[in-house]
Amino acid sequence: MPFTIDFLDDGRVLEWEATTDGAVVTERDKYTPRFYVAARDPASNLDLTTLQSVYDQHPDVVATEIVARRPGFRRDEEPVLAVDVAHIDRVTPLARQARQLSAYPVGDLACFNVDFSREFRYCLETGVDPTPASELSTLGLSVPVTETSNDVYGELSVAGDTVTGSSTDLLTAVQGAIDAHNPDVLVCSTSEIVPTLYEMATDAGVADFSLSRWPDVDYQQLASRSTYSSYGRVGHSPTRYNVPGRAIIDESNTFFYGETNLDGVLDLVSRSKKPVQELAWASIGNVLTAIQICEAHDRGVLVPWNSWRHEFYKPMGTLHDADRGGFIFAPEVGLHENVHELDFSSLYPNIICTRNVSPDVIRCNCHSDRDDVPGLGYSICDDRGYLVDVLQPIIDARDEIKAAIRREKNRDDLDEDRLAELEGRSGALKWILVACFGYQGFSNAKFGRIECHEAINAFAREILLMAKQRLEAGGWRVVHGIVDSIWVTPDPDVDDDDREDLETLATEITERVEIRLEHEAHYDWVAFVPQRESDAGALTKYFGKVAGDDGFKIRGIEARQRSTPQFIEDIQRDCLQRLDSTQSPDAVLDCLQDAIKRLHAGTVPVEQLVERNRVSKPLEGYTQNTQNVAALKRAREQDLAVHPGQDLEYVVVDDEKSSRERVALAHEEMESYDASYYEIQLVRAVESILSPLDWDRIDIKRDLTSNRQSDLNKYNSAWSK
């Protein structure tokens, strides 16, 4: 079970297996990756032998053959051309040439199993399981942001210890840690640490420096940095490197390791067959795709290179009915007491599994006369869809892990390490389940289909509406509901003796819809926040005091926003405590007043005022002098590389200016900050707390002005005496 796989330039493959005595390498001399070419239309009866003869003459092709495979879940086995390639780096270029080398019109041919990542392809084609057999050892390497653009580091953190000095000092510390720990995984703050250390070794004449476990190769560059856009959000993908014998986790380019932990990563490794290094940099959709590809491979179905699924014909009325999201009950703005939150467990994944919603069975020809999807008239085949086989094991596994977490927390001798492992695995699986619904409507999804997306929403609307009606009939009033969650409070018009037990109702609804309705939380009170410029309720902004607990549940407001400075978050949470203990807006405003005084007195540590914002374009692409622009100018002035999609951290020092002097980068020394700017942010945060009580920004400012005038009068009176 190799945890990482290396590909050498001469075609050899190195499989590295973790053992209790260190990593063991197995060298493979022959590995020929394979892709396929087939007719896009099964009715075209294209003769592939001409293309085969052309490929046979190509120097990068080892062999070809005509084999029987399924080019899609809705297609039977048919003849396709299999092309075995001499080196893994030649798969995509050769596939690109398929249309150029054949005499067929563009669009008649389709290529399959082309754009797989390297290690994943190897595991899929050879049947290798990349799940480590032994615990992986790790070593952390990180550099401060001020060093990231330097050719020579002056400071480096090695296994948590900060090392400063000459290049030789730093290289000696790194090499010593490598020799002492012999890590299987290098956890780097940025992958650029790898080439920079080697360049430092060359310049300093340190000939015996090496991060690699393979003597002939120091490191390899796998991909260049790039900027991308996804759903209107700009992202940055840094350069990726490979060190033979060790997996690299780049903390600046990892979702699952950042959101969970190594245990969460390893759980998904076992399900996706993507080794640790590839899993760490992969997106949620990338991992979900890998799991689906594994299922397709087991069923003998090829994976299309480009998605070309057309949307099935549907009347205009159906288009209108289908183009809707989940059901939403607008929240009743205000503070509500004695509120219960009920959630359907993994609603969308469970709809897929209980209703058999899958791209290969939706709107099947064999049951076209059936109306299986409510309101849309779509049929669903009786044959089990492949997507069910993909998701059901994940749903079951997460349910088991969540049950284990509950048991662990109830133990007298709580095992923190075991709890962290379980929570990491549960979190990783949660993200896959969250993404599986949206993936069905993603235009570039390998196996998605928009009709599945529409059907899932239709079932969800029906389920939530039924739950609402049954809860109201049982004597409960719905104060908010969105997609898979519903908040209820006892209906004041119903006598307590006539009100049905909530747990009993949840069990009845669970049995009717075949998806568990769980009691998520009981709140002493919940406040639903209005929209900024409207009296209507914001769908995802609320906060509440959990009954029998000291904690609050907070969603959508500033304390949950990644850009919010720590000081603003802390004050907002303090205001929540004041509101809970006093039930008085005046107490909240007293907290705000005190925070503002601290701001203007200059006693707030600047590190608590750091804002973090994402850069969406290069400096030259901005037309307005925003704070981000000022921060970008300062970064450029200091030769710090900040690419679109990356974050900037800064403190606002004078918001009245429009130049680079408007802000200071978080690592810079600064003597002051713009107290007036942060006062505005405080007022905004407190408005989120008080707006459910019918206080807006104008009311808050009026109260602050009144208090300040009162303080001034007291001061003048004391002075006159």
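Every number in this text was worked out from the coordinates using simple rules, so none of it is lab data. Everything quoted here is computed from the prediction, not taken from an experiment. All Cβ positions, glycine included, derive from the backbone under ideal geometry; neighbour counts span all protein chains shown.
Hey, could you get me the Stokes-Einstein D for segment 138-298, Kirkwood radius over alpha-carbon pairs, 20 °C and 1.002 mPa s, rounded to whole µm² s⁻¹?
Diffusion coefficient, whole number: 128 µm²/s.
Please give the FRET efficiency for GLU533 paired with ARG555, using the beta carbon to beta carbon distance and R0 = 22 Å, rounded to the nearest 0.05.
0.65
Could you give the dipole magnitude of the chain about its Cα centre, charging the beta-carbon of Lys and Arg +1 and that of Asp and Glu -1, in debye to the nearest 20?
2020 debye
When a/c reaches 1.5 or more, the comparison of a/b and b/c decides; with that in mind, is segment 425-491 rounded, prolate or oblate per its Cα gyration tensor?
Because a/c hits 1.5 or more and a/b fails to exceed b/c, segment 425-491 counts as oblate.
In nanometres, what is the gap between the two model label sites at HIS667 and SER443, each 7 Å from Cα along Cα-to-Cβ?
3.9 nm
If packing is taken as the average number of other Cβ atoms within 10 Å across a peptide's residues, how do 356-363, 406-413 rank, most packed first?
Values: 356-363: 23.8, 406-413: 9.2.
Taking the mean over residues of other Cβ atoms within 10 Å, the ranking is 356-363, 406-413.
Per 0.36 nm of contour for each residue apart, how much would the distance between SER53 and THR26 grow if the chain were fully extended, relative to their Cα-Cα spacing?
Once the chain is fully extended between SER53 and THR26, it gains 6.2 nm.
For LYS633, go through the lysines and keep the ones whose alpha-carbon is under 24 Å away, minus same-chain ones fewer than eight residues off.
LYS617, LYS657
Sort the following peptides by mean Cβ neighbour count (other Cβ atoms within 10 Å, averaged over residues), highest first: 41-53, 677-689, 531-543. Each step should come with its number before you reach the end.
Working: 41-53: 13.6, 677-689: 20.8, 531-543: 16.0.
My ranking of the peptides, most packed first, is 677-689, 531-543, 41-53.
Each label point is 7 Å from the Cα along the Cα-to-Cβ direction; what then is the distance between the points at ALA330 and GLN469, in nm?
2.3 nm
Let a ≥ b ≥ c be the square roots of the eigenvalues of the Cα gyration tensor of the chain; is it rounded (a/c under 1.5), or, if not, prolate (a/b larger than b/c) or oblate? Write out the running numbers ahead of the final one.
On the way: a/c = 1.99, a/b = 1.22, b/c = 1.63.
Verdict is oblate for the chain.
Quick check on segment 554-682: what does the Kirkwood estimate of hydrodynamic radius come out to from the alpha carbon pairs, in Å?
Hydrodynamic radius (Kirkwood, Cα only) of segment 554-682 equals 15.8 Å.
Be a star and scan segment 65-96 for residues whose amide nitrogen sits under 15 Å from the point 7 Å along the Cα-to-Cβ vector of ARG40.
96
With r as the distance between the Cβ atoms of ASP498 and ASP639 and R0 = 56 Å, compute the FRET efficiency 1/(1 + (r/R0)^6) and round to 0.05.
Numbers: r = 73 Å, r/R0 = 1.30.
Plugging the Cβ-Cβ distance into 1/(1 + (r/R0)^6) gives 0.15.
So how strong a dipole does segment 614-708 carry about its Cα centre when Lys and Arg Cβ are +1 and Asp and Glu Cβ are -1, to the nearest 20 debye? Before the final figure, lay out the partial values.
Values: 13 positive and 19 negative charges, 61 e Å.
Rounded to the nearest 20 debye, it is 300 debye.
With each label point set 7 Å from Cα along the Cα-Cβ vector, what nm distance links THR172 and THR626?
With each label point 7 Å from Cα toward Cβ, the separation is 4.8 nm.
Note down the magnitude of the dipole of segment 28-126 about its Cα centre, charges +1 on Lys and Arg C-beta and -1 on Asp and Glu C-beta and zero elsewhere, to the nearest 20 debye.
That gives a dipole near 260 debye.
Considering the Cα positions of segment 28-126, please state its Rg to one decimal place and its Dmax as a whole number of Å.
Cα-based Rg and Dmax for segment 28-126 come out at 13.1, 41 Å.
Under the classification rounded if a/c is under 1.5, otherwise prolate if a/b is larger than b/c and oblate if not, where does segment 321-546 fall, given a ≥ b ≥ c as square roots of the Cα gyration tensor eigenvalues?
Numbers: a/c = 1.73, a/b = 1.23, b/c = 1.40.
Oblate shape, in that a/c is at least 1.5 and b/c is the bigger or equal ratio.
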